[in-house]
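The values are calculated or read from the model by the stated rules, or taken from the named source; none is laboratory data. Keep in mind it's a predicted model, so treat the numbers as computed, not measured. Neighbour counts are summed over all protein chains in view; Cβ atoms, including those assigned to glycine, are modelled from backbone coordinates with ideal geometry. Quick note on the areas: whole protein, heavy atoms, side chains included, nothing else; ligands and nucleic acids left out. Shrake-Rupley method; radii C 1.70, N 1.55, O 1.52, S 1.80 Å.
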Amino acid sequence: MADHPAHFHNSGNRFRPYPHHHRGRGRWNSNKRARILGPKGAELSRYRDQQYKGSRYEQEQKLLKSTTLYVGNLSFYTTEEQVHEVFRQAGDIKRIIMGLDRLKKTPCGFCFVEYFDRPDAETAVRFLNGAKLDDRQIRCDWDWGFDDGRQYGRGKSGGQIRDDYRQDFDDGRGGYGYLIQKTLLETTNAHQMQMPPTMAPPASSDS
Amino acid sequence: MEVEQVRINRKRKFDEDADLNTRLEELIKRIGEKSQESLETNLERLVDILDQEITTKKEFILNSLVKNAIEQPEKMTIYSTLVGLLNVKMFSTGGEFLVLIMEKLGTLIDDAEWRSVQLLIRFLADLINCNVVLGASLLGLFDTFIATAAQPGVKPSMRDFLLYSVMQCLPWIGLHFNDSKDEVEFERLLDILETEIEKREKHYMPSIRVWSSDNPLPQIEYMDSLWLQIKNMRNNNWEDNWIIRPYVAFESKLESSLQHPLPQFELPADLEHTQFPLPYVVFRIFDTPDVPNRAEVPKLPRFNSIDRFLVEDAIMNVINSKNLTKKECAESLLRISGRSSMPLNYMLVEVLFGGLLELPVPRYSELFYGSILVQLCQLMADHLPQVLAQAVAYVYERLDTMNTVLVDRFGSWFAYFLSNFKYHWTWSEWEECVNLNRTDQNHPKPKFLKEVFLKLLWLTFYEKLKDVIPDEFVTLLPLKPGYNHKFAEVTPENNLQAKCAKALIESIKNKEGLDMMLGSLDPLPDGAIDGRELDPVYPEAKLEVVVQTILRVGCKSISHISVALNRFRDLIMAVMPNQDAKVCCLKITFSFFKTNHQLMCIMIEKYLNFQLIEPSCIVSWIFSPYMLPHFDRLYLWQMLDTTIKFCIKRCDRIKVELEKSKVKLNEKKEQEAGAADPDIAEKRKQLVQAAEEAVDHYVKLLEDAERSQKEVFLIVVQRFIMILTDHIVRSEQESRYTQTLWFRCTRDRLRQTLVQYRREVKRYMVTLQTLLFTPEIEPKILECFTQFKGYIA
């Protein structure tokens, strides 16, 4: 009846979205004995946004009071409505901000979900981290709060950095990683090379 | 070299001292966990260690024992054995321990920690098995409890709590009293208990029953259920197959000590005003024959066997302590299932379904139960998924007698569950729904599937849904979501409204001001489209153009809608002067999203949060004749829920702000009093004034919000009564059967509104009783209110 994927990550704290490199604008604290902050079951992960303008301590204090989540590992085709339906289960949503490709202005696989109340956001971190949306295991982590500009991907490609360096083929996130695609295009004649099919992304949703 | 050694030794001694508490705590906490030694050996060792330390660390050790017995109830009997063994070594310690327990009991009652109170009483009772407590003395305590419960005028919830506290100890102590010198007294106590339990009135049962039918398994109220199980246990010489009794191995040793009488204990006098636990029904879905009769599979005890209670109690204890961490919780549940004497997979599914389907609302969030079930399916891939499927099939078979609120809740969970497992299901087993739908669209089974498919659509997208659901079910699938723009296909030349809509869009594109935008609507009348008389009057024709146009501009996504509503707020408000106009706006919105109910639900949230439409208007619209065809659809009730919760949350938030402003005012007043310099004093006086104004502001806001909330509740209840009365009267006139499925569902919803929002409804009891639930209304409706009063008593 049910499907049991062999590699099912459950630990939000240990699940790193781009494990191959450290060039992102955020950092995963590698100190595994670092002090764990936050309420039971909804602790802060070891990820910190390096773009945050302020001290690490200030960022942590913000994260501990935040009502905003960062949601990662979405498919490019997942809509705001779907995100709303999944996250509504934890409480009243104030707003959702879909992450967009900086250049193409199309969804690039992450979003911010802001709740009205902190307890609802905690419920979401507790029980929706690792849940599935469009057959993908999503990651929910605390975010210090949305600021204009943060909705855009920070990668070279315009999308998220993890999609620059990704080695695998991921249909939900535009096929191969950007750099591989680029290398493939440069080294091979595009006509001879059978590129994997990539669906056209949905229409732009910037406003 | 030598000096260095001394230094190290000294440091080590210091560390050891500081660590002693932690180490003792750790030893106590971890006793009974998996170990290479036997439990008996470990217990003896721990007793020796504690005995050594007890002179200096007595208070710490005793406190730690009580704490762990409550926090790890699955190991309670281990802790009572430990106390028993300590009592043998040092008689005075046992006495001091009892004093401590009684003190702790008092604090827990004061804090209304009911679950812990009951666990502590159970621990206390179990101490008679270890020869620490005098049996007669324990019976004396229980006698006080029962006597207090039996007093006339004691409120039912308190009476039930006291009786249950005694009852839930019996499985642990029945055997002890069975052939002791206190047997006669014990039997007498059981008899009084039985009388008290049986004479209780339970009018409220229909409000909290999952199924209205007891076929195939009786759904019994929790006290009656436990009493039934205890009676069976009594007939069975107080035997069970679950409780681990480590004290049996130490029987001869424990017998050598003397027992203590219990310290005097009195229940606090003012318990009448405390909130006690609410009643519930024990959820039953499996019985012995449901488990395959194979040698390697343990037998499932009957529903009325005490073993069912004991295992469920153990599962509940894990859930109660681990409900914040799904992974830890699932792993702990798995650990219980390590004991092979019971088919734990069946019991886990039953308890978790019971939790999810608890009325009025689940104890923990629906997401908790949902994600635990997903986790368990992964952790117990060989044992759990098939049992879960069996349970789902049973619920499906019993949909016709299931409380309609729970049909909805179950459907939402099922959609969530499927979306976590790639939508795999043996759909072929439900193919009958297609035919059932053809003959009766309102049949509970196809209706359920339709709701599940709709929820699935919301979680995924239309093409995917068509892909994963077999073609046979196509008639049950929702329509492809879209929007229905009224002026899209009308030629503007022939239609004044379409012409104005076109002009309005132009005006929007040119980023013109409010006057210009309103100006583009000038050709339209300031009343109805067809010249109908509106009372009170509002510009219906203009309103339709504005709402349709704004929705058309923003319908791309939720964010777009929000932006559009924010940007054109003034425009909407300009054509929405009164309540009727707002109800009309909802009608227009609903017709725009005719095939996209998800966005309609979100629109309700947005209208409320942007303060465009008041909750009372939304409620009036939901109960309007216009929405009657949608009266049995989940989305309608989701909108009602959103609206009511909005009112409640708004009041709660203002209350928080009001409290904050009051604190601030006090601070400012204190500062003012402390100022000597006249200049500073003057400044501070102004600050006090500002703070006072802030308080006044919130007081007024709260008054408004509370008035609005009351209005909403009164409208909801009134409309329910009207609609149900109307149904009864018409059925009687046409001599049709009154209690149709529609009637039962609607009545379920009325009951649910009362019990779910009991905290709010309680405040309006007088108004409800004098204005709405009057003796003249239909008894079938009035009984909902009577049941509610019984429920909160």
Here the residues within segment B:365-403 that are open to solvent by 10 Å² or more (accessible area, probe 1.4 Å), more than 10 Å from chain A (Cβ to nearest Cβ) and hydroxyl-bearing (Ser, Thr, Tyr) are B:394, B:401
Do we have any residue at all in segment A:109-131 that's of a type in the set (Lys, Arg) and more than 23 Å from residue B:455 (Cα to Cα)?
yes
Test result for residue B:741, aliphatic (A, V, I, L, M) and at pLDDT below 95:
yes
Single match in B:303, B:276, B:309 (criterion: crowded, with 19+ Cβ neighbours inside 10 Å, away from every other protein chain (no Cβ under 14 Å) and not in a helix (DSSP H, G or I)):
B:303
(1) part of a loop (DSSP other than H, G, I, E, B); (2) open to solvent by less than 40 Å² (accessible area, probe 1.4 Å) all hold for residue B:239 apart from (2)
Outside any loop (DSSP other than H, G, I, E, B) and surrounded by fewer than 14 Cβ atoms within 10 Å (Cβ to Cβ) - does that describe any residue in segment B:455-465?
yes
Taking segment A:108-150 and keeping only residues that are part of a helix (DSSP H, G or I), among the charged types (D, E, K, R) and at the interface with chain B (Cβ under 10 Å from one of its Cβ atoms), one is left with A:120, A:122, A:126
Among the residues that make up segment B:734-750, is at least one of them within 30 Å of residue B:662 (Cα to Cα) and out of contact with any His (no Cβ under 6 Å at 6 or more places or on another chain)?
no
Please find, within segment B:315-352, the residue that is most open to solvent (accessible area, probe 1.4 Å) out of those that are within 14 Å of another protein chain (Cβ to nearest Cβ) and of a type in the set (Gly, Ala, Ser).
B:321
Of B:413, B:425, the only residue that is closer than 22 Å to residue B:345 by Cα, within 14 Å of chain A (Cβ to nearest Cβ), of a type outside the set (S, T, N, Q) and free of Cβ contacts under 8 Å to residues at least 12 places away in the same chain is B:425
Considering (1) part of a helix (DSSP H, G or I); (2) out of contact with any His (no Cβ under 7 Å at 6 or more places or on another chain); (3) away from every other protein chain (no Cβ under 14 Å), say which one residue B:452 fails and leave the rest.
(3)
Condition first: within 30 Å of residue B:448 (Cβ to Cβ), within 14 Å of chain A (Cβ to nearest Cβ) and in a helix (DSSP H, G or I). Can you find one or more residues in segment B:619-636 that meet it?
yes
Residue pairs qualifying under the 7 Å Cβ cut-off, at least six apart or on distinct chains, with the first in segment B:68-95 being among the acidic types (Asp, Glu) and the second being modelled with pLDDT of 90 or more, are B:71/B:321; B:74/B:314; B:74/B:317
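So that you can scan it fast, the table gives a plain yes or no per residue for (1) at pLDDT 90 or above; (2) in a helix (DSSP H, G or I); (3) more than 22 Å from residue A:98 (Cα to Cα):
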position	(1), (2), (3)
A:20	no, no, yes
A:32	no, no, yes
A:37	no, no, yes
A:40	yes, no, yes
A:52	no, no, no
A:64	yes, yes, yes
A:77	yes, no, no
Within segment A:46-93, which residues are open to solvent by less than 30 Å² (accessible area, probe 1.4 Å), more than 14 Å from chain B (Cβ to nearest Cβ) and among the polar types (S, T, N, Q)?
A:59, A:66, A:68, A:73
Can you find, within segment B:687-714, the residue that is nearest to residue B:655 (Cα to Cα) among those that are β-branched (Val, Ile, Thr) and in contact with a Ser or Thr (Cβ under 6 Å, 6 or more places away or on another chain)?
B:695
Condition first: assigned to a loop (DSSP other than H, G, I, E, B), open to solvent by less than 70 Å² (accessible area, probe 1.4 Å) and at pLDDT below 95. Can you find one or more residues in segment B:542-556 that meet it?
yes
Of (1) in a loop (DSSP other than H, G, I, E, B); (2) away from chain A (no Cβ under 14 Å); (3) out of contact with any helix residue (DSSP H, G or I) (no Cβ under 8 Å at 6 or more places or on another chain), residue B:441 fails just (3)
For a quick check of your reading of the model, give me the residue pairs whose first member lies in segment B:436-448 and is in contact (Cβ under 8 Å) with a residue 40 or more places away in the chain and under 17 Å from residue B:403 (Cβ atoms), whose second is among the acidic types (Asp, Glu) and open to solvent by 40 Å² or more (accessible area, probe 1.4 Å), with beta-carbon atoms closer than 6 Å and at least 6 apart or on different chains.
B:444/B:400
